[in-house]
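Below: the structure, in structure tokens.
Every number here is computed from the coordinates shown, using simple stated rules; none is lab data. Note that the structure is a prediction, hence the values are computed from the model and not measured. Cβ atoms come from the backbone with ideal geometry, glycine included; neighbour counts cover every protein chain shown.
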Amino acid sequence: MTRKIALLAVLMCTFFACGKGGDVIPNVAVNFQANINDPRLAALHSPGGAVIIDGYGVAGLILYREADQSYVAYDRCSSYQPQNHCAVTLDNNTLTATDPCSGSKFSLIDGTPVKAPATRSLRSYSVNVSNFEIFVSN
């Protein structure tokens, strides 16, 4: 009888996805390239500037210029219930981004959540700058 219960529990976990595999931002190929003087990137000319680039990643990209003059890039897909593909939006101060679906807020400095219910950081991408070209990839 105990074996039957254990087998039933394993089968239920299999069918109802006991794990949290559904709460991870999907891994998609990203290969963005633009001239750093592209007008779409004008906000990145000063520290604290951020821009949204549509058409890349799961829900678009956020590029952010840090105080030390380096750049970071995040997928706009919120880490809270990412299966909904809710795209975060830049806040007016461009230091944070907000998930309009859940109200979660994320720091653009490191992508970490600063307001619940999100508990995971935004997915970050690699950023390289060479010869006035900015490259974002994973």
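For VAL30, the residues 5 or more places off, or on other chains, whose built amide H falls under 5 Å of its own are ASN138. Here the peptides 94-100, 43-49 are ranked by packing, the mean other Cβ count within 10 Å, and the order with the highest first is 94-100, 43-49.
Over all projection directions, the Cα-based convex hull of the range 91-132 averages an area of 3.9 nm². Derived scalar couplings between HN and Hα for the range 112-121 equal 6, x, 10, 8, 5, x, 5, 10, 10, 6 Hz in order, rounded to whole Hz, by the Karplus curve 6.51 cos²θ - 1.76 cosθ + 1.60 (θ = phi - 60°), x for Gly and Pro. Amide H to amide H, with H built 1.01 Å from N, LEU108 comes under 5 Å of THR96, ALA97, counting only residues 5 or more places away or on other chains. Please work out how much length the chain gains when fully extended from GLN33 to ASP110, using 0.36 nm per residue of separation minus the C-alpha to C-alpha distance, in nm with one decimal. Here the answer is 25.6 nm. Applied to the range 91-97, the Karplus parametrisation 6.51 cos²θ - 1.76 cosθ + 1.60 on θ = phi - 60° returns per-residue 3J(HN,Hα) values of 7, 4, 7, 6, 9, 9, 10 Hz, with x for Gly and Pro.
Between VAL129 and ARG40, residue separation times 0.36 nm minus the direct Cα-Cα distance comes to 30.4 nm.
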